[in-house]
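Trainee: Structure below; questions to follow.
Any read-out appearing in this document is the output of simple, stated calculations on the displayed coordinates, not a laboratory observation. Predicted, not measured: the structure shown is a model, and the values here were computed from it. Every residue, glycine among them, receives a Cβ derived from its backbone with ideal geometry; neighbour counts consider all protein chains shown.
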Amino acid sequence: MIVWRITKRKYALDRIGLGAMKVGGRWNSIDVPIIYAGTNVEIAALEKLVHISDELPDDLVLTSISLPDDANLYREIPISTLPKGWSDMPSSIDAQQFGNDFIAAGQYLGIIVPSAIIPEGRNMLINPNHPQFKHAEFAVVRDFKYDVRLK
């Protein structure tokens, strides 16, 4: 299975979820390691774009993360079972606790959740503490530039 991230070059090969640990996110609290990725390049691009507040950065890269193909390592979470307020901005405490519980349980390498931007899109939350994470392969695919018409 391949998932995608768009990040600043210096964070492209981050295998510990440093950014999410520093500031928290929709699905994790501060100090909880998690790696956010999109199941396709398009949703990864939208997820990054909504977090850009100023000019479009010129140091972004597209990174692929190759994960083991064992379906038992992943769980897709139906939207109907997500915590209330999961798509709110800022993120709800319940959504963060949901992600924290996923990491703490350690049962899955990744869970697949809807995108708050486009619920039909899917994101992968990766647990860098899972034993099978050692098989994850990160690769910078190319520089990534947004079309200037987007901002």
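Trainee: To one decimal place, what Kirkwood hydrodynamic radius in Å is obtained for the range 1-74 from all pairs of distinct Cα atoms?
Mentor: In the range 1-74 this quantity evaluates to 13.2 Å.
Trainee: Calculate the spin-label point distance for GLU120 paired with GLN132, positioning each point 7 Å from the Cα along the beta-carbon direction, and give it in nanometres.
Mentor: 2.9 nm
Trainee: Using the Cα centre as the reference, give the magnitude of the dipole from point charges on the C-beta atoms of the chain (Lys, Arg: +1; Asp, Glu: -1; all else neutral), rounded to the nearest 20 debye.
Mentor: 220 debye
Trainee: A follow-up question, please. Please compute the modelled spin-label separation between LYS22 and ILE2, points set 7 Å along Cα→Cβ, answer in nm with one decimal.
Mentor: Roughly 2.8 nm, to one decimal.
Trainee: Something else now. Which Cα, out of ILE34, THR63, LEU13, lies furthest along the positive dipole direction of the range 12-75 (beta carbon charges, K/R +1, D/E -1)?
Mentor: Toward the positive end, the furthest listed residue is ILE34.
Trainee: So for the chain, if I pair up every lysine 8 or more residues apart or on another chain, how many of those pairs have alpha-carbons under 16 Å apart?
Mentor: Close lysine pairs found across the chain: 8.
Trainee: Taking only DSSP H segments of four or more residues, each worth -39500 (n - 2.57), what value at 222 nm results for the chain once the sum is divided by all its residues, to the nearest 500 deg cm²/dmol?
Mentor: Computed ellipticity for the chain at 222 nm equals -5500 deg cm²/dmol.
Trainee: Tell me the Kirkwood hydrodynamic radius of the range 17-140 in angstroms, computed as one over the mean inverse distance between distinct C-alpha pairs.
Mentor: About 14.9 Å, per the Kirkwood formula over Cα pairs.
Trainee: State, to one decimal in nm, how far the label point of LEU13 lies from the label point of VAL50, with both points 7 Å from Cα in the Cβ direction.
Mentor: Each label point is offset 7 Å from its Cα along the Cβ direction, giving 3.1 nm.
Trainee: Taking every DSSP beta bridge that has both residues in the range 2-150, what percent is antiparallel when rounded to the nearest 5?
Mentor: That works out to approximately 90 percent antiparallel.
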